[in-house]
Structure formats: structure tokens, C-alpha cells
Amino acid sequence: MTILQGKQVSKSGAIQGSGHIGHNDTDDGFSDLHPAYSTLQAMAESNRCLYCYDAPCVTACPTSIDIPGFIRKISTGNPDGAAKTILSANIMGGTCARACPTEVLCEQACVRNVSEDVAVEIGSLQRFAVDHLMARDELPHPFKRAPLTGKQIAVVGAGPAGLSCAHRAAMLGHDVTVFEAKAKPGGLNEYGLAAYKMTNDFAQREVEFLLGIGGIRIEYGKALGRDISLEALRDGYDAVFVGVGLGATNELGLPGEAFDGVDDAIAFIEQLRQTEPKSDMPVGNNVIVIGGGNTAVDAAIQAKRLGADEVTLVYRRGAEHMLATEYEQELAKINGVVVRHWAKPVAIKANGKLIGMEFEKTELRDGKLVGTGEKFEIRADQILKAIGQKIKADDLAGMEIAGGKIVVDENYQTTASGIFAGGDCIKSGEDLTVQSVEDGKQAAIAIDAFLKTA
Amino acid sequence: MADLSCKIAGIDSLNPFWLASAPPTDKKYNVVRAFQAGWGGVVWKTLGIDPPVVNVSSRYGAHHDQNRRLLGINNIELISDRPLSVNLQEIRECRKEYPDHVIIGSMMAPIEERAWKDLAQQIAESGVHGIELNLGCPHGMCERGMGSAIGQVPEMVEQVTRWVKDAVDIPVFTKLTPNITNILWSAEAALKGGADAVSLINTVNSIISVDLDSMVPEPMVDGKGTHGGYCGSAVKPIALNMVAEIARTPETRDLHISGIGGITTWKDAVEFMALGSNAVQVCTAAMIYGFRVVDDLIDGMSQWMDDKGYTSVEQFTRAAVPQVANWNELNMNFDTKAVINPDNCIECGRCHIACEDTSHQAIAMNVKEDGHREFVVIDEECVGCNLCYHICPVPDCITMEPVKTDKPYMTWPEHPLNPMRQAAE
Ligand SMILES: Cc1cc2nc3c(=O)[nH]c(=O)nc-3n(C[C@H](O)[C@H](O)[C@H](O)COP(=O)(O)OP(=O)(O)OC[C@H]3O[C@@H](n4cnc5c(N)ncnc54)[C@H](O)[C@@H]3O)c2cc1C
Ligand SMILES: Cc1cc2nc3c(=O)[nH]c(=O)nc-3n(C[C@H](O)[C@H](O)[C@H](O)COP(=O)(O)O)c2cc1C
Ligand code: SF4
Ligand code: SF4
Ligand code: SF4
């Protein structure tokens, strides 16, 4: 049993054993990474929580969920009350319970680490509570709207930031129209998070649940910059929130990048998330993933689980520099991904079709990353690029952009008055679901204050 | 391994651990298994006059902690529901097959002299080492004028004890109910009646929980519930006090005591003996874990005795009794303060909020530069209540340290702030 920062990887049948998942097992490979707790597990784990005062785990949660409070409710047999405590701070508590890198957030701060080295599994408990409530279709939506204000708010983007903002604004009594470029809501919850974290169409169920508050209308296939303009929104609404995420990705800048088989990792994951059954999703036999973040790791693991023979993740610096958490890196290895550090891609190799990639070894010289001149090749019939996302600035004319992010003040207001922004498209905390939810919530509160003074 | 043999009411026992009169001692099958597991003796499930009682279905309620560990159970069972002759025959067989083990016959009858005497004689003839009088059952039997209906009236306690003492020539244990105002009245009554020992406590009268769907107290019998007898580790503090009161009161201290009530670990047993019990009885712990718990009782006690240098149980029996005092005898000048060891502290903040909200605002929470929190006792404010020391989740992280003082031992009756102070001589 491998213990990864307190998580027993063997809890998931899917990642026990050698890590190689044969083609027949493909669909199993996309079952839950951390299966849902049974009532017994929830009882045992909730009783490990010490009910800390001014708890460090709460400070470490970007949405400041009252963690000791909700865990205590689980332990007293009140899981639905626990869910309300969670959702009142984080309306996407269900997705966050599945996707948050808890090992660097709440669970890292848990005092149980100090003497026992094993944090309370806050994420799993959170999921237990939220799932319990969401399974009870007969219940009304847990939150009530304040008396209607008659104010109209436009939200651009139905990702975690946009939907969190919409929900909080509706709660505060405003009416919200969401404009979403795609055909489905959820943003990266629907298109980006790893398939083994978001099983069973959870992203869509969560959106449906969230819309239960009422007062939110979503218009699909409506893109800012293409179908609608910022001016039109500003004229038609009392306030605007922009939560468009990072719509573009970085290029390697190598000849042959448009070659068949050289794919963007996010596009690959998006296609996988939309394919059912998962075994219908095409994948190469020898896959190279370029990058060092969680997207790279997610893409590599999912390629492996789809049945690729060999998946090699290549990163230009050392393990300690990777943005992927230690836990994610370990998970990649357990899944049979070969991880190579200190090498950068220098050429795409093809002879009619893609055959591989050439790399140059790298090292740090006086703090600068340089090639050593030593080269090697890895064969591949698929290359997945995961070297970062960036903002799609063309759509965002009218707001100041700096350092690749929309500029906002401490109240989430952009340089254009009455236009607010949050999520991955601004610089708040890390680019994480939970941070985007917090941004959306805080922006709605700021918009409410803005509307009262306006 | 230390010698655990002991003597109570003149009866020699292999060890001080007996099973109390209850389902674990209901029949030969259980008793044989208990002796094989290592129990020194049993008090047979209470026998009554035929025809046997009839029990209801659904009999136990439970008091769980949030982790579903049982803190206590309550029951609405009556006495043995098997014919007297069957029980007596099985007692004879057990006595023969296990001659070194103690069997006490427990009994109860309506408040009539002949009934008590006849039943006591029949039980004595089966070869038991002694007889225990069940004057404690707080449910069912009391509605028929037995059990606690007798145990709650000191005159009746004395009367039935005397009847049985007159009828048999083996030791008599009077089993006391805790459902009274003053345990000493019952103990004195038993002593006057001639009891060789008292056994205590029987179960505490209780309603353990309510089923919130049906609005019926548990255990539920077809839509109704009734009060029952509470036992298990939750009742230990109640029992310890009653044992200690009997052991330290001059009028009752000569009674031998069979300590009962919530004994679950060897430490519990040692505490009962230190406060006055000559031996102990266990029921709920066996019902929860099976007879094998006696392993820990035996091994833990003898290990502890070896560590402390005790070679017989008499050496620590009643050792804590002299230190049990009245509040008015305590030293008002004693001062103790909480001390937090920062190396062990895991920063849960529990001590701070407990003292801040409910005690004396004596634990400061300081946020350090690195974001870590530091918990510091403010000596001037700390009254030494022990709350933080008890709630800290880390053992030995908070200790209570006595403050050195030159002040004399001073009781409340002597204290200058006492308006009714007795002038110092
Ligand atoms: C592959 C991958 C894996 C990840 N895994 C995790 C993880 O495990 N855990 C975690 O916490 N975070 C993870 N993240 C990060 C997380 O998904 C993001 O931080 C989060 O989704 C950002 O939310 P958002 O609402 O700001 O943007 P998005 O989720 O990107 O949503 C933006 C929405 O706006 C829409 N939109 C974009 N442009 C326009 C326009 N012009 N007009 C109208 N609508 C538009 C988009 O279609 C989308 O619906 C991952 C990210 C990626 C790429
Ligand atoms: C189900 C049950 C039935 C009991 N029946 C009797 C009984 O017949 N006679 C008796 O003297 N005590 C009876 N008792 C009380 C126990 O002998 C004992 O005094 C009490 O349970 C406290 O000890 P404990 O905390 O170790 O269980 C019964 C207890 C239980 C749980
Ligand atoms: S830090 Fe850990 S133990 Fe303390 S409240 Fe949070 S989850 Fe519970
Ligand atoms: S209760 Fe104990 S562990 Fe918790 S903060 Fe206080 S001293 Fe530290
Ligand atoms: S002993 Fe009582 S008063 Fe003193 S610090 Fe602890 S809780 Fe506060």
C-alpha cells in the first residue's frame, strides 16, 4: 500500500498494481481516483478531526470553509447540515472535494500532520457531505434569495468563477444572465479536470444544483468579442462580471508543430472528457507529454489509462521545480508514466508521419536554464503539449491587461468601471477551481456593494 | 507475574475478577466458557421462584460516542427466565467441573420471609460459595415489589438480609442499588442485617435515548419504551464514589465490598480496589467484548503490581481510602497552574477557546511571525481548574504544576474569607 502524503493510493482500485491498464480495462481506469466514503468511513474519519479553534485548515482553504464545523456535523449524523456549511462558503464544494490539491491546501495545514503525519481527509469528508445533500432531489435548494433588487448582472463565462459569482449575486437578490461561448456550462470542470476526478457527469449535475437558487439564465454559444461586446453589456446591465478563464495555450515554437499527432494537452483532455465510453477515445502507443504542471501530469496519466504503451513526461527542470504537487508526481509514477527531468524539446521528428522528438539536456548555470548540448531522441506517435495557458486578449478589449492577466483592484473591479473579473483570467491566488470560486463569490459581494452605492 | 488471588467475605478466589449476575452468567454454557477464559468467579444470573419470568423482545438500549463506541447500555430484562431446577442442576455441574472457581447464587423474591428463606436454602444446597441478594433491579421486578422496590427501603434491606443470613450458613452479599439518596443508609442496613459483604452498584435507572422517527424511548417494544438499568463505563464514577463512601465511613468500613459498575480495563479494577473493593464484578465489558477481556484485566493488573512492587492484592486494596476527604478538609492554600509544553503542542487552539469562553481567559493565543500560533498560560489568571489539561488532545502537552508556597495548610473552616470561620486555636 503506497502512502502518498496521507492518501492511500490503493483506495482506488484503478491505480493499484503495476499501473498499466490494458485496453479492456480502459473504462475502469476512469473510475473515481478517491472513491466516495461509506458512512462508516465518514464516521471514523470525522472523528479524527480535533475541532480546532481558529483552525489552520480553514486559513489554508481559499474559500475559508468552516472545516471543523462541517466535520463535526458529519460526526453528529447531520451530513446535510455539513453540506450547507460547505456550500455557504463554496457553492462548488462538490467539485473542489474531488479536484482540489488538498495536499497543498487544507490538508497540508491540518494539525494532525504534526504528530501523526496523517492529515484528516478533509476532501473526502467534504465530498461525503455534499454528495449526501445533492442526492436528495426532493429537497429544495439550500439557499434562499434576498428580496429582489431589480438589478441585472451579466456574467461572461460559465466556469467556476462565473457560476460562483452568478449564484452569490442571485442569492443577494440580483438577476443574472450568463453568456457562455460553449454549448455546455462548467468551464474546465466540464472540459478540463481529469476524468478520474469528475466521474458520472458530476460537473453538469453540480451546475443544475447551483441553478436551483433561481434568477440565473444561461445563454450558450454567446462569446464575448465575437457575439457580444463589452459596451453592449455595460449598456444593458447594471454590472458585468468577466470569468473567461485562460482561453489560449502556449506553443513550443518548433517546426512541425501543426503536424498530425502533435496535440494540445488541454484539447486532448477536453475530447476525452466528452467521449463516452472512454474506450472510444483514440490515443497513441508512444506518447510524449511536455510540461511540468498538473495539466501535464493529468494528460500523461489519462493517456496511460487509455492504453498507451509508453508515456514519457519530459520537463525542462528538476522535480522540485515542477508545478505539479509531489502527490501528483507520485501518482504519475504509480500509473507507469516515465518522468524525465532536465531536458527540453528541440525538434519534432517525422517521416510522413510523426516518429518522435529530439531533446537537449538542460542544466542551471548561474541560475539560468541552459542546454548542455547533449541530445537524445524519444520515439512517439503522439505528442501532448502542456506548457501553459494564456489569456485570449483579443476578446477582452476595453479592460487593461498586464502580465497576461486582467488587471483588477482589491474589489475585483477592472479598469473599466462597473466591470468586474475573477478566476484564472485575473491574478489572485493559484489558478485553481477553488480560487476561482472564491473570486466569483467575493466579486459578487463587491458588485452588490457597488450597486448599492451606484 | 504477581499473585492475584484474593479473599472476600471469607471466600478464596483465584483472582478478583468475577462476572456480575447478568446474561453472561445465565447458564452453564456461558459459565464454563468464562472459567476457561480465566474469570475467577461468577455471580449466577438472579434466580427467582418458579414459574420463571417471561422477557420482552427488544431489551437493550445504547449510549454511543460519536465513533459508535459504547459508553453504556441500559436494559429492561428481568431475572433468569429458566426454571429454577435447571439452573440449580447446572450450578451443581459447574461446581463439580470447576471446583477452584467461585460461584455465587444471586436471588430475589417477594417480601415474604418464607419465600426468601426457602429459595436461599435451595440455592445453598446446590453448592454455591455464597448468596447475593438482588435488591437493585430498577425496572420490571420493582413493579412486582422486588428488586429496587426493596433496595430503596433500608428497613427492608436489613430484613431480607437477616432472613437469608438466618436460613443459610454461607456468606451473604447484599447487592445495593444506586437509585437512592444516600448509599450509606443501605449499607448500614445490610450490615445490621448481618451481611458479610455488599456488592455495588446495580444498574442506574435511566432512559437512554429516544427514537426520533417514532418518538419512542429505546429499547422499543411495539411502539412503547420504559425506563431501564444503565451500566457500562459511563456509570463508573457513580459507583466509585459509593464504594469509597462505604469504605471510609467508620460505621460501614468493616463491610467487605464487591465493587461493580463500569469496570472495563485493569485500571478501572485497580481503582475500585484502591477505593475499598475487596474484589470486583464485571458485566457490560464482557457483553461488549466477550469473555476474553479478562486477559487484559489479569495481565494489566499483575504487570502494574510487578512495576509497583506489590506482591498481593491486599497490599493496594483500600490504599486510596485515607486520601478521600470532605471538601472542607482540602487545603485552600494549594495552588496549581497549567504549563504548556510548546514542543508537544500541535496548535489546535482547543485550550485557548475552552479557557477563553468558559474559564478564566488565562491562555493567550499569539500569532508568530511565521504564521504559527503559540499558546501561553497567563499565570496571574490561571486558577488551576484543569480544564485545558483535560481537553488537550496531546497527552502530556499540558501539565498542571503545583506552585511552591510557604503558606500553611488551611481549610475552608479556618479561612479568613469564611464568614462562619471557626476561630483558630
Ligand atoms: C487540464 C487542467 C486540469 C486542471 N486540474 C485542476 C485540478 O485538478 N484542480 C484544480 O483545482 N484546478 C485544476 N485546474 C485549474 C482549474 O480548472 C481552473 O483554475 C478553473 O477552472 C478556472 O475557472 P474559471 O472560471 O476562471 O475558468 P474556466 O474554467 O476556464 O471557465 C471559463 C469559461 O468561460 C468560457 N469562455 C471563455 N471565453 C469566453 C468568451 N469570450 N465569451 C464567453 N465565454 C467564454 C469558457 O468556455 C468557460 O466555460 C486544471 C486546469 C486544467 C487546464
Ligand atoms: C442485561 C443486564 C441484565 C442484568 N441482570 C441482572 C440481574 O439479573 N441481577 C443483578 O443483580 N444484576 C443484574 N444486572 C446488573 C449487573 O450485574 C451490574 O450490577 C451492572 O450491569 C453494573 O456493572 P457493569 O457496569 O460492569 O455492567 C444486569 C445488567 C445487565 C446489563
Ligand atoms: S486542522 Fe485538521 S484536526 Fe483541526 S479542524 Fe482542521 S481538519 Fe480538523
Ligand atoms: S490544546 Fe494542547 S495541542 Fe491544542 S493548542 Fe492547546 S496546548 Fe496545543
Ligand atoms: S487550568 Fe483552567 S484557568 Fe488555568 S489555563 Fe487551564 S483552563 Fe485556564
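Table for the structure above
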read-out: Accessible area (Å², per residue) of chain B, counting only protein heavy atoms and a probe of 1.4 Å; value: 47 Å²
read-out: Protein-only accessible surface order, largest first, of B:VAL282, A:VAL408 at 1.4 Å; value: A:VAL408, B:VAL282
read-out: Debye intensity ratio I(q)/I(0), log10, chain A, q values 0.07, 0.09, 0.10, 0.12 Å⁻¹ (C-alpha model); value: -0.37, -0.61, -0.76, -1.08
read-out: Whole-number Å³ per residue for the convex hull built on Cα positions in the stretch B:239-316; value: 79 Å³
read-out: Accessible surface buried once A binds B (1.4 Å probe; total of both sides; Å²); value: 1200 Å²
read-out: Shape metrics for the protein assembly as shown, restricted to C-alpha atoms - Rg then Dmax, Å; value: 36.8, 114
read-out: Interatomic Cα distance distribution for the stretch B:215-282, bins of 10 angstrom, percent; value: 21, 39, 20, 15, 5
read-out: Residues of chain A: accessible area per residue with a 1.4 Å probe, Å²; value: 41 Å²
read-out: Value of Rg to Rh for the stretch A:288-399 (Rh from inverse mean 1/r over Cα pairs, i.e. Kirkwood); value: 1.03
read-out: Cα-centre dipole for chain A with unit charges at Cβ (Lys and Arg positive, Asp and Glu negative), debye to 20; value: 340 debye
read-out: Translational diffusion of the stretch B:144-192, µm² s⁻¹ [Kirkwood Rh, Cα pairs; Stokes-Einstein; 20 °C; 1.002 mPa s]; value: 196 µm²/s
read-out: Descending Cα extents along the principal axes, the stretch B:327-414, whole Å; value: 51, 24, 23
read-out: Efficiency of FRET between B:THR249 and A:GLU138 - r from beta-carbon atoms, R0 51 angstrom, step 0.05; value: 0.25
read-out: Rounded to whole Hz, the Karplus (6.51, -1.76, 1.60) HN-Hα couplings of the stretch A:172-180, x for glycine and proline; value: 7, x, 8, 9, 10, 10, 9, 9, 10
read-out: Computed accessible area, B:HIS64, all protein chains, 1.4 angstrom probe, square angstrom; value: 70 Å²
read-out: Alpha-carbon centroids, the stretch A:242-314 and the stretch A:340-368: separation in whole Å; value: 17 Å
read-out: Charge tally in the Cβ shell below 14 Å around A:LYS144, where Lys, Arg are +1 and Asp, Glu are -1, A:LYS144 excluded; value: +3
read-out: Global size of the stretch A:147-270 as Cα Rg and Dmax, reported in angstrom; value: 16.7, 59
read-out: Sparse-neighbourhood loop sites, GluC sites (Glu not before Pro) in the stretch A:80-157 - DSSP loop, at most 15 other Cβ within 10 angstrom; value: A:GLU138
read-out: Cα radius of gyration and Dmax for the stretch A:52-165 (Å); value: 15.5, 54
read-out: Accessible area of the stretch A:32-134 belonging to carbon and sulfur atoms, whole % at 1.4 Å probe; value: 52 percent
read-out: Candidates B:GLU347, B:GLU97, B:GLU143: whichever shows maximal mean-square fluctuation once chain B is modelled as a Gaussian network with Cα springs under 10 Å; value: B:GLU347
read-out: The stretch A:168-318 - percent of accessible surface contributed by carbon and sulfur, probe 1.4 Å; value: 46 percent
read-out: Residues in the stretch A:31-62 that, when all protein chains are in place, have 50 Å² or more less accessible area than the chain alone would give (probe 1.4 Å); value: A:MET43, A:ASN47, A:LEU50, A:TYR53
read-out: Interchain or long-range residues, amide H under 5 Å from B:ALA9's placed H; value: none
read-out: Reciprocal mean inverse distance between Cα atoms of the stretch B:192-248 - Kirkwood radius, Å; value: 13.7 Å
read-out: FRET efficiency for A:SER417 and A:ALA393, using Cβ-Cβ distance with R0 set to 30 Å, rounded to 0.05; value: 0.90
read-out: Label-point gap, in nm, between A:ASN285 and B:LYS404 - each point 7 angstrom along Cα→Cβ; value: 8.3 nm
read-out: Exposed-site-free run, longest, chain A (rule: trypsin sites (Lys or Arg not before Pro); DSSP loop; at most 14 other C-beta within 10 Å); value: A:227-426
read-out: Translational D in µm²/s for the stretch A:306-363 (Stokes-Einstein at 10 °C, 1.306 mPa s, Kirkwood Rh from C-alpha pairs); value: 124 µm²/s
read-out: Two-site label geometry, B:VAL221 and A:GLU363: point separation in nm, points 7 Å out along Cα→Cβ; value: 8.6 nm
read-out: B:THR336-B:ALA37 FRET efficiency (beta carbon distance; Förster radius 30 Å; 0.05 resolution); value: 0.10
read-out: Per-residue HN-Hα couplings for the stretch A:384-399 [Karplus 6.51, -1.76, 1.60; θ = phi - 60°; Hz; x = Gly/Pro]; value: 10, 8, 9, 10, x, 10, 9, 6, 8, 5, 4, 6, 10, 3, x, 10
read-out: Accessible carbon and sulfur surface of chain B relative to its total accessible area, %, 1.4 Å; value: 51 percent
read-out: Approximate shape of the stretch A:356-453 as ellipsoid semi-axes (Cα gyration tensor, √5λ), whole Å, largest first; value: 41, 15, 13
read-out: Centre separation in Å (Cα based) which lies between the stretch A:113-171 and the stretch B:108-138; value: 67 Å
read-out: In order through the stretch A:213-230: 3J(HN,Hα) via Karplus (6.51 cos²θ - 1.76 cosθ + 1.60), integer Hz, x for Gly, Pro; value: 4, x, x, 10, 10, 10, 10, 8, x, 10, 9, 5, x, 10, 9, 9, 10, 4
read-out: Whole-number percent relative contact order across the stretch A:80-145, with pairs defined as alpha carbons under 8 Å at least 6 apart; value: 44 percent
read-out: Reference-scaled alpha-carbon Rg (2.2 N^0.38 Å with N residues) for the stretch A:61-104; value: 1.10
read-out: Distance between modelled label sites at B:LEU417 and B:GLU125, nm, 7 Å Cα→Cβ extension; value: 6.8 nm
read-out: Charge dipole magnitude, Cβ of K and R +1, D and E -1 - the stretch A:118-262, Cα centre, debye nearest 20; value: 480 debye
read-out: Equivalent ellipsoid semi-axes, chain B, via Cα gyration tensor eigenvalues times 5, rooted, Å; value: 43, 26, 23
read-out: Under-5 Å amide H pairs with A:VAL346, H placed in peptide plane, nonlocal only; value: A:GLU358, A:PHE359, A:GLU360
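The values are calculated or read from the model by the stated rules, or taken from the named source; none is laboratory data. Everything quoted here is computed from the prediction, not taken from an experiment. So basically every Cβ, Gly included, is an ideal-geometry build from the backbone, and we count neighbours across all protein chains shown. SASA here: full protein model, heavy atoms, side chains in, ligands and nucleic acids out. Shrake-Rupley method; radii C 1.70, N 1.55, O 1.52, S 1.80 Å.
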